[in-house]
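Everything below concerns the one structure shown next.
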Amino acid sequence: MDPLLLAAGLLCLAFGVSNGFHDAGVQVGNAVATRTLRPRQALLMCAVFNFIGALLGQGLLLALTGHLLTVDTLGHDLLLILIPGLFAALVINTSTYFLAVPISATHCLFGGLLGAGFIYGAQPLNTDLVVDSLFRLAISPIAALFIAWLALTLLMPFLLNRSPKPVFRVFRQGTAVGTAALSVAHGSQDAQKIGAVFIAAWLSSRGDTSMNQLPGYVLWIIIVLSALAIAGGTLLSGWRVADTVSRRLSTLDPVGAGTSTMVAAVLSYLAAFVLRVPISMSFLVVGTNIGAGLASPHSRFAWRSRNRLRTLVFVISVWLMGMPASALLAAASAVVFKAIAA
């Protein structure tokens, strides 16, 4: 096997594991924080549904692959861009977990490919794809915040005079269903980004980036490997990001958690299966959690807390720096890699 293809494939799988590891807390945080699901039970369910979702998002996979790479030169020149790009995305995505900050894996991946492509004098990404994706990523948490706030604001008058116990029971059930739905949507979104780069690497090693050259069995091997990587990373995950998303940024009761999770799930499905565009699960859930928190009578005054506002500013700062940091690291890695490969 081509050693460059092997290196790119292993980095794709490692990035997939880090993606599942990082984003599991975003998906299960509300369910665990409201004691809807036990922690290990939540992670196991999340891993299973991530795997299922990864097998369903072929439309997004083919759309991304068709527009992802527009390098004029084929063959190993493309692999030399993918390897440092994936390495940088892996490092940034993993390091932000230990900072306990939810981040967009798409930002990390696009930034890495742009930085490495710059060093090789290539345009590694379709410009329209980058602009459209970054616009959606930027607008998604704002739209999610408003929709979750509106949904809970409209619901509250019907719930205020009811007994809390049965209401909480219903919304806990909604949180469990929403968590499963979020996991399916996450698998269908994020595994396809990994698979698209994997396919580009495989085609590049053969000197032809035409999708017509991709055998059906290779496509399914890549899909299954990507699904296993996402699910495996999910099972290994911890609670640092979950603590930030579901406690430090916004503490929700079962009504708020259920509303937030269901709204995030619906928006994720629209992106994955209707619009077929990449979107960040982390951005969506942070937006819906904050929106639900602002609408909830139990937590609307909590935003006066300096610690909460400080956490929000830190999270947004990391979001803004994620793509440039990934691009700079990829560029530095590409310089070293180019010198070694020369």
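The values are calculated or read from the model by the stated rules, or taken from the named source; none is laboratory data. Since the model is a prediction, treat every value here as computed from it, not as a measurement. Ideal geometry is used to build each Cβ from the backbone, glycine not excepted, and the neighbour counts take in all protein chains shown. The accessibility values were calculated without ligands, DNA or RNA, using every heavy atom of the protein model including side chains. Shrake-Rupley method; radii C 1.70, N 1.55, O 1.52, S 1.80 Å.
Points to keep in mind about this one:
- Selection over the range 1-50 of residues that are of a type in the set (S, T, Y) and either touching a strand residue (DSSP E or B) at 6+ places or on another chain (Cβ under 9 Å) or within 18 Å of F171 (Cβ to Cβ) (or both) gives a count of 2.
- Pick from the range 30-47, criterion of a type outside the set (A, V, I, L, M) and farther than 11 Å from S237 by Cβ, ranking: surrounded by the most Cβ atoms within 10 Å (Cβ to Cβ): N30
- Screening G111, G66, G85, G117 for residues that are open to solvent by less than 20 Å² (accessible area, probe 1.4 Å), modelled with pLDDT under 85 and touching a helix residue (DSSP H, G or I) at 6+ places or on another chain (Cβ under 7 Å) leaves exactly one candidate, G117.
- The listed residues are I194, I199, I221, and the only one of them that is open to solvent by 10 Å² or more (accessible area, probe 1.4 Å), assigned to a helix (DSSP H, G or I) and more than 23 Å from T288 (Cβ to Cβ) turns out to be I221.
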